[in-house]
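**Q** Sharing a structure here in structure tokens format.
The values are calculated or read from the model by the stated rules, or taken from the named source; none is laboratory data. The shown structure was predicted, so the numbers you read here are calculated from the model rather than taken from an experiment. When we count neighbours, we look across all protein chains shown, and the Cβ atoms used for this are built from the backbone with ideal geometry, even at glycine.
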Amino acid sequence: MKTLARTAVVALAFAIPLVSSSCDTSDPTNAVMTNGYPTTPDGGDAATQTVVFKVWWSASLFDDPIPAGLDSETNRVVPASDYAYALLVPNWDPSSHTPPSTLIPVRTNEKWSASRGDTLHITISDETVIGNCAAGKPLSQDDADFITQRIFPGNFANVVYDAPTCASTPLPADGGADTGG
């Protein structure tokens, strides 16, 4: 019995480093989002810029608005390969503390990948995304519905988004329900 107990202790002693190394977080995976839209010239009106309002990549939300020409904070992410989804706000100054009146959902042209220990840099601009009607690249309605209903549903509550025109229309106060009256 003592031999069996010693064998178990020795096996456990070797197993603990193996288990803990599989959860090693010394090489985290990170991502940074860059707003690649043009900045306003010095002294220009900040309300004429395009702001990247939010970005979702894989399992990570970048929730702070990113003014034109700037980067997001670095977020820790999981290794993955996925599209990035974002909300653009044209002609809005994030320092105004006024909520944006227009949100445009966009998706990157291609999937972006990050491996363990990488820092992924994704630029959101008219060259890297589809969905901005002003750039002549609207989303399909199916893609727009996916983004507005699955990725950012809270931002599109009580509105219907029309992909070909990049316009949001408020739902009727009754949510469009037919009372059958």
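**Q** Across the range 49-74, what is the total count of residues that are among the polar types (S, T, N, Q) and over 19 Å from Val106 (Cβ atoms)?
**A** Qualifying residue count for the region: 1.
**Q** Right, next: Which pairs turn up if I take residues in the range 152-169 that are touching a residue at least 40 places away in the same chain (Cβ under 8 Å) and surrounded by 14 or more Cβ atoms within 10 Å (Cβ to Cβ) and look for partners that are part of a helix (DSSP H, G or I) and polar (S, T, N, Q) with beta carbon separation below 6 Å, at least 6 apart in sequence or on another chain?
**A** Phe156/Thr148; Tyr161/Thr148
**Q** Does Thr29 satisfy the criteria of being touching a Gly at 6+ places or on another chain (Cβ under 7 Å), modelled with pLDDT of 95 or more and over 17 Å from Asn132 (Cα atoms)?
**A** So Thr29 passes the test.
**Q** Here's another thing I want to ask about it. Taking the conditions exactly as written (out of contact with any strand residue (DSSP E or B) (no Cβ under 8 Å at 6 or more places or on another chain) and more than 17 Å from Ile151 (Cα to Cα)), does Ser96 satisfy them or not?
**A** So Ser96 passes the test.
**Q** Take Lys2 and decide whether it is at pLDDT 55 or above, of a type in the set (D, E, K, R) and within 30 Å of Asn155 (Cα to Cα).
**A** Taking the combined requirement at face value, the residue does not satisfy it.
**Q** Please verify whether Asn132 is within 26 Å of Thr169 (Cα to Cα), touching a Leu at 6+ places or on another chain (Cβ under 8 Å) and not aliphatic (A, V, I, L, M), treating the condition exactly as stated.
**A** So Asn132 passes the test.
**Q** Do you know which of the residues in the range 25-62 that are of a type in the set (Ser, Thr, Tyr) and assigned to a strand (DSSP E or B) is surrounded by the fewest Cβ atoms within 10 Å (Cβ to Cβ)?
**A** Thr34
**Q** Ok, one more. Considering Pro79, Pro105, which residue is on the phi < 0 side of the Ramachandran plot, surrounded by fewer than 22 Cβ atoms within 10 Å (Cβ to Cβ) and at pLDDT 95 or above?
**A** Only one candidate passes the filter, namely Pro79.
Table: residues versus (1) modelled with pLDDT under 95; (2) of a type outside the set (Phe, Trp, Tyr); (3) over 11 Å from the mean Cα position of the chain (by Cα).
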{"residue": "Pro38", "(1), (2), (3)": "yes, yes, yes"}
{"residue": "Trp92", "(1), (2), (3)": "yes, no, yes"}
{"residue": "Ser113", "(1), (2), (3)": "no, yes, yes"}
{"residue": "Ile124", "(1), (2), (3)": "no, yes, no"}
